[in-house]
Amino acid sequence: MSKSLEGVRVLDMTHVQSGPTCTQILAWFGADVIKVERPGVGDATRGQLRDIPDVDSLYFTMLNHNKRSVTLNPKSPKGNRIFTRLIEECDIMVENFAPGALDRMGFSWEKIQEINPRMIYASVKGFGPGPYEDCKVYENVAQCTGGSASTTGMVDGPPLVTAAQIGDSGTGIHLVAGILAALHHRTHSGRGQRVTCAMQDAVLNLCRVKLRDQQRLAKGPLKEYPQYPNGKFGEAVPRAGNASGGGQPGWIVKCKDWETDPDSYIYIITQAAAFAGLAKAMGREEWLDESHQWSTPEGRLPHLDQVFAEIEKWTMTKNKFEVMEILNPLNVPCGPILSMKELAGEPSLRATGTVVEVDHPERGKFLSIGNPIKLSESPSDVRRSPLLGEHTEEILKGVVGLSDEEIEEARAEGAV
Ligand code: COA
């Protein structure tokens, strides 16, 4: 089966996480992704958080699958010419350097368009145009400035960052959408275009429901938040602990052995339509009696803390999987808190290729996450990340068209 992006070539000037996430998805869809790395140095993450001395880190190997690596310094005279040739030969260029880095290399958007008018040039930056546009940004900065941290955390606690890499990987995935739209546009316009996504914007987009709540707050208290009815609301959307972000109340409750197992918890949503089933399963039919104040969703809202405290008394008598087995057939939405250890060993995730074992010549076998986006006609395979400069010669000959002699000259200059 052919891959969906077969025949598309990507000039990958990305590093760390946000950009590499984007180009990894393009590579999984079948694009030929050529990762350009500084000679002798490479992507900084190759050496970060190493678990084995002198071997590419898991940070790098899990974000750079299915790519080819060429070492090249576009700032050197010969490197500049090779880079220009690569721009001519590629369809998409992706970068996430600090603002202005590509311009300082001599490759502004105007220059890139001159070299290849069909080029789609995509960038991740921390901020869009405005007061912070020149700032360098990492994941947690984006989470803090994009509205995630101020709305995450327990009610009385400080702002909290989340483990999900919504700033880095989240922005990378947004960028993929923009690139694919531009690629489609090019099929009829014949021209490339500039695609940009700021990490602050992507995080804010993912926090859309909190801006919804900001506007609802102007009209009265947020009744599904734990602050209602006894706590106080200020001027901004407060942190809401584990309250559900939707119209159906939810909370995390303890399960059996929670005292010794930090992940013995389950999320339960008391969906109105399934509340009767939940009450019956727990043996609390009295809640359904018309005269009981909890018999309606409106009646339960001011007492959610007590409702979930009662539910918890029941869940604490069972393990999280038993609770799920009882509640799922009753259409009570619930999800056990799964640890990374449990996810790594989950057979269904292995079967779909979402969790894969990959072999690497220097580190041996390791677990990675495959493409979570499944295409029926062009499934993804997961190939190991390249060693630094592993494909330099192959790319300089096959894509750029250099002779052995020219490659030697480029090496002598330190360009590759
Ligand atoms: N050959 C020679 N030089 C190269 C090179 C190559 N192949 N590739 C990169 N470089 C140089 C660049 O020209 C630049 O040099 P300059 O600043 O002298 O012009 C430098 O390496 C890259 O610098 P920078 O991007 O500033 O790296 P950093 O480690 O200081 O900052 C980030 C890292 C992530 C903070 C920054 O790149 C950034 O803010 N990126 C945008 C937002 C982003 O994606 N953040 C999330 C990262 S997961």
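The values are calculated or read from the model by the stated rules, or taken from the named source; none is laboratory data. Given the structure is predicted, the values throughout are model-derived calculations rather than measurements. Here the Cβ positions follow ideal geometry from the backbone for every residue, glycine too, while neighbour counts run over all protein chains shown. Side chains included, ligands, DNA and RNA excluded: accessible areas come from the protein's heavy atoms. Shrake-Rupley method; radii C 1.70, N 1.55, O 1.52, S 1.80 Å.
Here are the numbers for the structure shown:
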item: Segments classed as helices (runs of 4 or more DSSP H), wholly inside the range 103-208, with at least 1 members that are open to solvent by less than 70 Å² (accessible area, probe 1.4 Å) and closer than 30 Å to ILE337 by Cβ; result: 139-145, 168-189, 199-206
item: Which listed residue is open to solvent by less than 10 Å² (accessible area, probe 1.4 Å), farther than 28 Å from PRO379 by Cα, out of contact with any His (no Cβ under 6 Å at 6 or more places or on another chain) and within 16 Å of the ligand (Cβ to nearest atom), from LEU72, LEU11, LEU49; result: LEU72
item: Which numbered condition ILE34 misses (of (1) in contact with a Lys or Arg (Cβ under 9 Å, 6 or more places away or on another chain); (2) without any contact (Cβ under 8 Å) to a residue 12 or more places away in the chain); result: (2)
item: Matching residues in the range 227-279 - criterion: being part of a loop (DSSP other than H, G, I, E, B), touching a Lys or Arg at 6+ places or on another chain (Cβ under 7 Å) and open to solvent by 50 Å² or more (accessible area, probe 1.4 Å); result: LYS256
item: Candidate set: the range 100-159, residues that are of a type in the set (A, V, I, L, M) and under 21 Å from the mean Cα position of the chain (by Cα); chosen: the one farthest from the ligand (Cβ to nearest atom); result: ALA149
item: Residue identified as touching a Pro at 6+ places or on another chain (Cβ under 7 Å) and acidic (Asp, Glu) among ASP305, ASP261, ASP289, ASP359; result: ASP305
item: Some residue of the range 276-293 being aromatic (Phe, Trp, Tyr) and within 23 Å of GLY335 (Cα to Cα); result: no
item: Odd one out for GLY283 among (1) part of a loop (DSSP other than H, G, I, E, B); (2) over 27 Å from the mean Cα position of the chain (by Cα); (3) surrounded by 15 or more Cβ atoms within 10 Å (Cβ to Cβ); result: (3)
item: Yes/no for SER108 being polar (S, T, N, Q), under 30 Å from ALA412 (Cβ atoms) and in contact with an Asp or Glu (Cβ under 6 Å, 6 or more places away or on another chain); result: no
item: In the range 209-226, the residues that are part of a loop (DSSP other than H, G, I, E, B), in contact (Cβ under 8 Å) with a residue 60 or more places away in the chain and surrounded by 18 or more Cβ atoms within 10 Å (Cβ to Cβ); result: GLU224, PRO226
item: Of all residues making up the range 79-102, the number that are among the aliphatic types (A, V, I, L, M), open to solvent by 10 Å² or more (accessible area, probe 1.4 Å) and either modelled with pLDDT under 95 or closer than 16 Å to THR171 by Cα (or both); result: 1
item: Residue count, the range 323-345 (criterion: in contact (Cβ under 8 Å) with a residue 60 or more places away in the chain and open to solvent by 40 Å² or more (accessible area, probe 1.4 Å)); result: 5
